[in-house]
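Before any comments, here is the structure.
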Amino acid sequence: MLKNSMLRLHRNFIIAACVALISFIFLYAYMGTPKPLIKWKWMDIVGEGGTSAMSGLWLLIMLSSRPKGLVTRLFAFGLASIMLGSWADCLDEFFAIPKEDIWDNLLESMLVFAGMLIVTAGMYYWREEQFTLNEHLQKRERLFRDHRAFDRVTQLSNADYLRLQIKLELDSHPGKPCALVLLDIDQFHLINRQYGQHEGDKVLQAVSHMLLLNLHNQDVLCRYAGDRFAVVLHDRSLEEAESLALHLCHMVRQMRYCAQEQTLEISMRHACTLADDVPDTLLARLSKTLEASAHQFTEPSLATGVL
């Protein structure tokens, strides 16, 4: 089902590629003269036709497994060019083209060469994309490998593990700075009220993904309570924590979440402190700061699509 849905996303491109294949047959039939069967070179037909067929198969496999995007477009155009260039080379075995006509040689060689260049560019951007995904997966792996207490909705560590990490930082690294950031989604209760808890849980998951993507591997992200997230920052000063917190809030604000055909903008508040006291005291201090800032936040209307 997923493969079929992915292919439907690229239906127009697949149709265009098929039309191009058929057009090449008519082009060679019109511009050339059919060769007698005795002059067919079967080794060339198998090799060149097989290259075209395999390129087409790779194209379908790739399109069935990727959404639209730059990398997908590069791979698609590159593989399609190689497929068409090899197909033109194969058709050369069935139709004799006058030697003074060089268009067929240009068509064969330039399409294949251009296709290889485009595929190479696609592989470069795919490599960059994969590095980002690998980093995200490593962070997730670290959570599942090291953490024992998970939040059911976000799959992040919960408040118990957060307290444990703060205590470990204080006990294991005395004298080294450690910062704590508490983040709170503005007016989160409005989402649950208007769209239901299921949509609220999806918002929490989306926000947790965005936060995780913008943290270092050594940073510990937890869901503290409700719509609040906490980050333990090893060997970071208060100024560094404040800068990171502003960046995290900015990245979350760039998100656009669609709930029941309405686009919502999500914003967050933050509070930072150095981990210089017992966990409960630190968390209570940060919570009080967030609650004080919440009173300055005027409640917007959901009809505007802004939260």
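General observations
- Largest mean-square fluctuation among Ser237, Ser65, Ser267, in a Gaussian network model of the chain whose springs join Cα atoms under 10 Å apart, belongs to Ser65.
- Square roots of 5 times each gyration tensor eigenvalue, C-alpha, the stretch 2-139, largest first, Å: 34, 15, 12
- A simple charge model with +1 on the Cβ of Lys and Arg, -1 on the Cβ of Asp and Glu and nothing else charged puts the dipole of the stretch 1-110 at about 720 debye relative to its Cα centre.
- Calculated [222 nm] ellipticity per residue, helices only, for the chain: -21000 deg cm²/dmol; basis is -39500 (n - 2.57) per DSSP H run with n ≥ 4, divided by all residues, nearest 500.
- Within the chain, longest stretch free of exposed chymotrypsin sites (Phe, Trp or Tyr not before Pro) [DSSP loop, at most 13 other beta carbons within 10 Å]: 41-296
- Given charges at Cβ of Lys, Arg, Asp, Glu: the chain dipole, positive-most of Leu164, Val112, His250: Val112
- Efficiency of FRET between Arg253 and Leu70 - r from beta-carbon atoms, R0 25 angstrom, step 0.05: 0.55
- Among Ile191, Ile266, Ile25: highest mean-square fluctuation, GNM of the chain, C-alpha pairs under 10 Å: Ile25
- Cβ charges +1 (Lys, Arg) and -1 (Asp, Glu), total dipole of the chain, debye: 680
- Over every Cα atom in the chain, the radius of gyration and the widest Cα-Cα span, Dmax, amount to 28.7, 90 Å.
FYI, it's all coordinate maths here, none of it is from the lab. Predicted model, so just to flag it, every value in this text is computed and none were measured. FYI the Cβ positions are ideal-geometry reconstructions off the backbone, even for glycines, and counts take in every protein chain you see.
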